[in-house]
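Report on the structure given below.
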Amino acid sequence: MGQDPTRERAPLPATALRPPRGRVLLLAPHADDDVLGAGGTCALHAAEGDFVQVIVAYDGSAGDPGRRFERAELARRRRAEARAGGAHLGLTSYEFLDHPEGHLPGPAELLAGARDLAERVRALAIDTVYAPWVGEHHLDHHVLARAARLALALAGFRGTAWGYEVWTPLVPTWIVDVSSVHARKLAALEEHQTQLAYLDIRAKGMALSAQRAMYLAPEATHGEAFAPLGEPFGTDRDLLG
């Protein structure tokens, strides 16, 4: 018997006009990733009255390669940009952890960060988590995905955890139609002037979002794609004890 030649096709993702109701945690590596990755979906949550907590993991100090600002001033600006951007989407609750960027943490550091996140998940009684998917090539995004997986395992999380894309496209299993909030998402990105000075995150980020609308209704213009965040793997799993 020959193998099915279609077995390696990507799955047809489920689609939604609205995400399921519940209390939400949006984990962002840097200010602006919250908007790019799941900003539209979380705007839809907020519009329904769902609680949405945004946690920005890294300090964003690498986001000014031209060194136009002192480090403290850059951090202040990026926090202000995040809050201003979130306001366009109805996101008002932000926390900034200020972890240093651009390094691969050792087991002890990864576990400490995961325990910190686990405490927040439990305290906030979260139902749905959005975090970068683990396949993101950007190191900070990848590390946050691993920390999030470990944190949810430590917290005994029984809700739903989705991985989102920013730099590296994922194979989606769920796509949310964010056409209705696309203009607000663009307005949110416009607030991130420190980053727009170096990269047009509006055009490049929204290009992927536009492609995701291929799976949606003909009139849809933009979608946000997700895949299950997954479980800790390899040596990360060993940290659970």
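Viscosity 1.567 mPa s, temperature 4 °C: give me the Stokes-Einstein translational D for the chain in µm²/s, with Rh taken as the Kirkwood radius over C-alpha pairs.
After rounding, the answer is 71 µm²/s.
Among all stretches of the chain without exposed trypsin sites (Lys or Arg not before Pro) (DSSP loop, at most 13 other Cβ atoms within 10 Å), which one is longest? Could the numbers behind the result be given before it?
Working: sites that count: Arg7, Arg9, Arg21, Arg67, Arg68, Arg158.
The longest uninterrupted stretch comes out as 69-157.
Under a plain spin-label model, where a point goes 7 Å from the Cα along Cα-to-Cβ, how far apart in nm are His137 and Thr6?
3.2
Which residue, chosen from Val56, Leu36, Ala123, occupies the Cα position most advanced towards the positive end of the dipole of the chain, where the dipole is computed from +1 (Lys, Arg) and -1 (Asp, Glu) charges on Cβ about the Cα centre?
The Cα lying farthest towards the positive end belongs to Ala123.
Need the C-alpha centroid separation for the range 211-241 versus the range 80-101, integer Å.
Value for the Cα centre distance between the two parts: 22 Å.
Using the Cα centre as the reference, give the magnitude of the dipole from point charges on the C-beta atoms of the range 19-238 (Lys, Arg: +1; Asp, Glu: -1; all else neutral), rounded to the nearest 20 debye.
Details: 22 positive and 29 negative charges, 38 e Å.
Dipole size: approximately 180 debye.
What does the highest-first list of 45-57, 97-109, 28-40 look like by mean Cβ count within 10 Å? Please report the intermediate quantities before stating the final value.
Working: 45-57: 19.7, 97-109: 12.8, 28-40: 28.9.
Ranking, from highest mean packing down: 28-40, 45-57, 97-109.
Could you work out the helix-only [θ] at 222 nm for the chain, with each DSSP H run of four or more residues adding -39,500 (n - 2.57) and the total divided by the number of residues, to the nearest 500 deg cm²/dmol?
-12500 deg cm²/dmol
What spacing in nm lies between the two simple spin-label points modelled at Ala87 and Leu104, each 7 Å away from Cα in the Cβ direction?
Output for this residue pair reads 4.1 nm.
Read-outs: derived from the displayed coordinates by stated rules, not from any lab. Everything quoted here is computed from the prediction, not taken from an experiment. Neighbour counts are summed over all protein chains in view; Cβ atoms, including those assigned to glycine, are modelled from backbone coordinates with ideal geometry.
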